[in-house]
Amino acid sequence: MNYTHYDYLELAPGATSNRIEAAYAALLERFQYGMTDAGQDLSGLVRMIHAAYAVLSDPEQRKAYDAQLSKEAAEADVELQSQLDAKALPGFTRVQQVPETLAASLPELAA
């Protein structure tokens with residue numbers, strides 16, 4: 001799974017700059033020692049949080065990052081739609097294509 005900078009700061013993409021500041025401060029406080037209670041190293045996560053904050057706190061970088069995310073989302077939508085279209089069942093266009101069980105029940109339904 002690919003995580004975005006918003007995911008690392010636990011924010012929605014439309015977050016305000018004040019919310020970004022608050023989330024960054026809260027996460028740094030939570031991970032200030034770089035270790036969990038069980039001794040798991042969190043330095044990689046803390047680096048990702050710093051990197052996410054660096055991008056999202058700068059309006060120019062954030063605008064470019066949001067544009068990149070939008071482009072990737074549009075490409076993913078196109079790919080998914082093409083896969084769904086390839087797997088779609090063709091519709092019935094002629095009476096001969098209707099399954100026999102359905103064709104047999106049509107007179108009953110019409111009555």
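Observations on the model:
- Per-residue HN-Hα couplings for region 53-63 [Karplus 6.51, -1.76, 1.60; θ = phi - 60°; Hz; x = Gly/Pro]: 5, 4, 6, 6, 7, 9, x, 5, 5, 5, 4
- In this simple spin-label approximation, V98 and D85 carry label points 7 Å from Cα along the Cα→Cβ vector, and these lie 2.9 nm apart.
- Here r is the Cβ-Cβ distance between N18 and E108 and R0 is 41 Å; the resulting FRET efficiency, rounded to 0.05, is 0.05.
- Förster radius 25 Å - calculated FRET efficiency between R30 and V78, Cβ distance, rounded to 0.05: 0.05
- The packing ranking, built from the mean of other Cβ atoms within 10 Å per residue, places the peptides 67-80, 5-18, 45-58 in the order 45-58, 5-18, 67-80, highest first.
- Under 5 Å between amide hydrogens, built in the peptide plane, is the criterion, and for T4 it picks out nothing among residues at least 5 positions away or on other chains.
Throughout, read-outs are computed from the coordinates displayed, never taken from laboratory work. All values derive from a computational prediction rather than experimental measurement. Ideal geometry is used to build each Cβ from the backbone, glycine not excepted, and the neighbour counts take in all protein chains shown.
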